[in-house]
1. Tell me which residues, restricted to region 88-132, are part of a strand (DSSP E or B) and either within 24 Å of Tyr212 (Cβ to Cβ) or at pLDDT below 85 (or both).
2. Can you find a residue in region 57-72 that is within 25 Å of Lys13 (Cβ to Cβ), among the polar types (S, T, N, Q) and within 23 Å of the chain's Cα centre (by Cα)?
3. Going by what's in this entry, would Glu27 be described as under 30 Å from Arg111 (Cα atoms), crowded, with 17+ Cβ neighbours inside 10 Å and not hydrophobic (A, V, I, L, M, F, W, C)?
4. Can you find even one residue in region 166-187 that is modelled with pLDDT of 90 or more, out of contact with any strand residue (DSSP E or B) (no Cβ under 7 Å at 6 or more places or on another chain), of a type in the set (Val, Ile, Thr) and assigned to a helix (DSSP H, G or I)?
5. Scan region 76-84 and tell me whether some residue there is at pLDDT below 90, in a helix (DSSP H, G or I) and within 29 Å of Ala206 (Cβ to Cβ).
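The values are calculated or read from the model by the stated rules, or taken from the named source; none is laboratory data. Predicted, not measured: the structure shown is a model, and the values here were computed from it. No Cβ is skipped: glycine too gets one built from the backbone with ideal geometry, and neighbour counts run over all protein chains shown.
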Amino acid sequence: MEHDGHRQRILQKFKAGDITQDHELLEILLFNAYPRKNTNPVAHTLMQTFGTLKGVFEADYNDLVAIDGIGESVALYIKCVGACARPAYAFDAYEKHLKNYGDFKAFASMRLRSKTEEVLELYFLEKSGRIKYIYSHSADDEHRVTISRGTVPSLVATVAPFGLVIAHNHLMGSSAPSSADDEFTQEVAEVCRLYGVKLYDHCIYASDNDVYSYFFTDRI
């Protein structure tokens with residue numbers, strides 16, 4: 001079949017290291033999802049819809065199945081690939097250095113702006129500001145996220161950071177902290193005091209124009 005010849009050509013191109021377009025990589029990846037179909041059109045549609053490969057892999061399941069030609073199995077395949085790849089591209093975050101409030105809120109915004117449920121993240125930092133470890137947690141309740149009391153002390157003892165930044169998102173309304181946010185911040189501050197760790201900030205993300213800081217007065 002004609003698309004079989006195309007597959008061989010693009011695979012040879014990939015083998016030779018000549019792939020320069022993200023849609024071509026996606027096209028090759030989709031060979032496994034569509035054994036007998038030309039994947040070029042759907043690869044282009046995905047890229048046009050979600051903008052980047054990362055956007056494709058992080059797309060909501062319902063948005064994927066809404067695209068013509070993508071059924072449940074293909075949508076789940078794409079989501080699975082994204083889940084497998086996430087630890088790999090998340091590693092790049094560890095090369096980041098967070099040294100001031102501007103860094104904190106920019107990094108938290110980048111991490112949280114596309115979330116569709118409430119997520120709590122802890123950024124454990126070395127003295128240089130380099131991210132040593134990221135803890136990310138979400139819950140079944142899309143409007144509330146909690147962790148057990150022993151989680152933070154266990155993480156701090158294991159990771160042994162110099163400093164810590166807390167970040168979480170609010171999906172509804174403003175970034176103004178709740179009483180539960182206040183209580184959690186106080187609990188983490190006490191853990192940090194006991195372990196000699198510097199708590200730099202707790203950032204609450206509602207939108208790029210609404211990020212709350214517990215320890216700094218300026219806002220974006």
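1. Within region 88-132, His97, Val119, Leu120, Glu121, Leu122, Tyr123, Phe124, Leu125, Ile131 qualify.
2. no
3. yes
4. Within region 166-187 (the criterion being modelled with pLDDT of 90 or more, out of contact with any strand residue (DSSP E or B) (no Cβ under 7 Å at 6 or more places or on another chain), of a type in the set (Val, Ile, Thr) and assigned to a helix (DSSP H, G or I)), the answer is no, since none of the residues qualifies.
5. Yes, some residue in region 76-84 is at pLDDT below 90, in a helix (DSSP H, G or I) and within 29 Å of Ala206 (Cβ to Cβ).
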